[in-house]
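Worksheet: the structure to be examined is printed underneath.
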Amino acid sequence: MEVAINRRANCRACKGTDLRKCLKLENMPLTDDLRSQQNQGLEFFHDIEVFTCEDCGLTQTLDEVELTNYYNDYCYTSSNSNFAKDFMKCLANELYSKFCFDSNCKVIEVGSGDGAQLSFFKLLGADVYGVEPSEILCNVSRENGIPVYQGFFEKETIQYLPETLKPANIVLATYTFDHIPEPSDFLDSTREILDPDTGILVLEIHDLDKIIKRKEFCLFEHEHYIYMTKNTLSHLLKIHSFEPVTFDLLSDSQKRGNSLLVVAKPVKSKHVKSSIKIDKYEIQKTMTLTKEIGQAIEDIDKFIENMVNCGKKIAGYGAGGRGVMTLAALSKAQHMKYLCDQNESFHGYFTPKSNIQIVSPRMLKDKPVDVLLVFSFGYIDEIKNQVSKYNPNMEIISLLDVIG
């Protein structure tokens, strides 16, 4: 698979050039580049190198992979999960409640996928509109009554948004901001379309503090350009005339596995001034990433090997980024019998690099295993409830319990 790659020389936030490499994962695939049986071995591989800017503290990749065609066929959605749908519902309800929006609210979501999140705002009476690069997901969104512009959110994108949606009361990007190569341009464009008095920006990203604590190397992906903590995110918002209002809109039990959720406002808006204290950058956080991630990969390999040596059959659960990227980094992945996922569009395909077949959870009944390793650990309670009926004697283990 031929993919163009461009290596930048400066920081994605402050444009500084004092960049320290803190991690390298060799020959890693794209997370959603699932393969049919006929085209295994033709996938894209490239090293993932992670750097930390010594000037502003932002952790980031410098390689920019050309992903236009990749995202055009992108089909991942979390809306198959009841837990994810509960999160979406709570997010919409809490924003309406705490920021006093009404039926005249205008909501724009960047990376709107199949429109599931916007549908909960629509139920509250909001006028909604999505921006999404995947043709497949755009078609689903429109079928569900959620209008959407197909494309990436770039500087020029705002001219294609309906005038009736501008200025917007809410601009939302959940697990999308990490995917944007120029975060500064995104924030400046967002500020242009937000109501300066009542508007809020809602961002959900992967929390670098949690990545480091949990050794979640699977979240270092070609598709993720930036990795942020509360501090680095708060500083970047401040530079672009935003102020974080709260990081506690939802409880930890309501949020998804690695969620850093912030509500921010334009600095001169009427919303209550934030009392959040922004500490200095913590540049040293990523200093030991190489050692800790290497140990985590070794621990997972040893776990799989031990299961096999004990005569146990092992399978995995979760064909999203966590499953695909974890398996791609392992040397013992071939011992996995299969990888379960409830997303039917994945069934019959194989994971890139590790070549594990993705199947329905019903396979746990037809071809039972002794151990199920759950990569999508944020949904583990839901997964346990789902799969226990297929194989009540199977041991279900979270990835975090292996590398924790």
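The values are calculated or read from the model by the stated rules, or taken from the named source; none is laboratory data. Computed from a predicted structure; not experimentally measured. A quick note on method: Cβ atoms are made from the backbone with ideal geometry, for glycine too, and the neighbour counts reach across all protein chains shown. Side chains are part of the model used for accessible areas, which takes the heavy atoms of the whole protein and leaves out ligands, DNA and RNA. Shrake-Rupley method; radii C 1.70, N 1.55, O 1.52, S 1.80 Å.
Highest mean packing first, where packing is the average number of other Cβ atoms within 10 Å per residue, the peptides 62-69, 263-270 line up as 263-270, 62-69. Cross-link pairs exceeding 25 Å between alpha carbons, from the set 230/332; 24/155; 98/238; 24/312: 230/332; 24/155; 24/312. Rg/Rh, computed from the Cα trace of the range 238-314 with Rh as the Kirkwood radius, has the value 1.23. Computed over protein heavy atoms with a 1.4 Å probe, the accessible surface of the range 251-404 works out to 48 Å² per residue. Each Lys and Arg contributes +1 and each Asp and Glu -1, all at the Cβ; summed about the Cα centre of the chain, the dipole is approximately 980 debye. Residue by residue, the range 149-166 carries 3J(HN,Hα) couplings of 9, 8, x, 7, 8, 10, 3, 6, 4, 4, 6, 8, 7, x, 4, 5, 9, 10 Hz when phi is fed to the Karplus relation 6.51 cos²θ - 1.76 cosθ + 1.60 (θ = phi - 60°); x denotes Gly or Pro. Only helices reaching 27 angstrom along their own axis (Cα) with mean Kyte-Doolittle hydropathy no lower than 0.5 count here, and not one DSSP H run of the chain does. Along the range 168-181 the Karplus relation, 6.51 cos²θ - 1.76 cosθ + 1.60 evaluated at θ = phi - 60°, assigns HN-Hα couplings of 8, 7, 9, 10, 10, 8, 9, 6, 10, 4, 4, 8, 9, x Hz to successive residues, with x for each Gly and Pro.
With a ≥ b ≥ c the root eigenvalues of the C-alpha gyration tensor of the range 195-292, is it rounded (a/c under 1.5), prolate (a/b larger than b/c) or oblate? Prolate is the answer for the range 195-292, as a/c is 1.5 or above and a/b outweighs b/c.
So what is log10(I(q)/I(0)) for the range 88-246 at q = 0.08, 0.16, 0.18, 0.19 1/Å, when the Debye sum runs over its Cα atoms only? At q = 0.08, 0.16, 0.18, 0.19 Å⁻¹ the computed log10 ratios are -0.22, -0.93, -1.18, -1.30.
Convex hull volume of the Cα atoms of the range 289-333, normalised per residue: 65 Å³. Comparing 157, 286, 232 in a Gaussian network model of the chain (Cα springs below 10 Å), the most mobile by mean-square fluctuation is 157. Here, P(r) means the percent of Cα pairs in each 5 Å bin from 0 to the largest distance; for the range 1-52 it is 5, 14, 21, 20, 15, 11, 7, 4, 2.
Its residues counted as N, the range 7-161 yields a C-alpha radius of gyration over 2.2 N^0.38 Å of 1.27. Where the centroid of each part is defined by its Cα atoms, how far is the range 329-356 from the range 10-87 in Å? Here the answer is 19 Å between Cα centres. Packing-based ranking of 5-13, 377-385 yields 377-385, 5-13, ordered from highest to lowest mean Cβ neighbour count within 10 Å. Note on the chain: with a GNM built from Cα contacts shorter than 10 Å, the maximum mean-square fluctuation among 272, 140, 374 falls on 272.
Surface composition of the chain: carbon plus sulfur atoms hold 47% of the accessible area, using a 1.4 angstrom probe and ignoring ligands, DNA and RNA. Looking at the square roots a ≥ b ≥ c of the eigenvalues of the Cα gyration tensor of the range 340-404, which shape do they give, rounded for a/c under 1.5, prolate if a/b is larger than b/c, or oblate? Judged from the Cα gyration tensor, the range 340-404 comes out oblate (a/c at least 1.5, b/c at or above a/b). Shape analysis of the range 74-147 based on the Cα gyration tensor places the equivalent ellipsoid semi-axes at 21, 14, 9 Å, largest first.
Diagonalising the gyration tensor over the Cα atoms of the range 255-300 and scaling each eigenvalue by 5 before taking the square root yields semi-axes of 36, 16, 7 Å, largest first.
Would you mind classifying the range 128-203 by shape? Square roots of the alpha carbon gyration tensor eigenvalues, ordered a ≥ b ≥ c; an a/c under 1.5 is rounded, otherwise it is prolate if a/b is larger than b/c and oblate if not. Judged from the Cα gyration tensor, the range 128-203 comes out oblate (a/c at least 1.5, b/c at or above a/b).
Local charge for residue 305 was computed over the other residues whose Cβ lies under 14 Å away, with Lys and Arg +1 and Asp and Glu -1, and equals +1. Counting only the Cα atoms, the range 295-385 fills a convex hull of 94 Å³ per residue. On a per residue basis, the convex hull of the C-alpha atoms belonging to the chain measures out at 133 Å³.
The separation of the range 153-232 from the range 95-122, counted between C-alpha centres, amounts to 15 Å.
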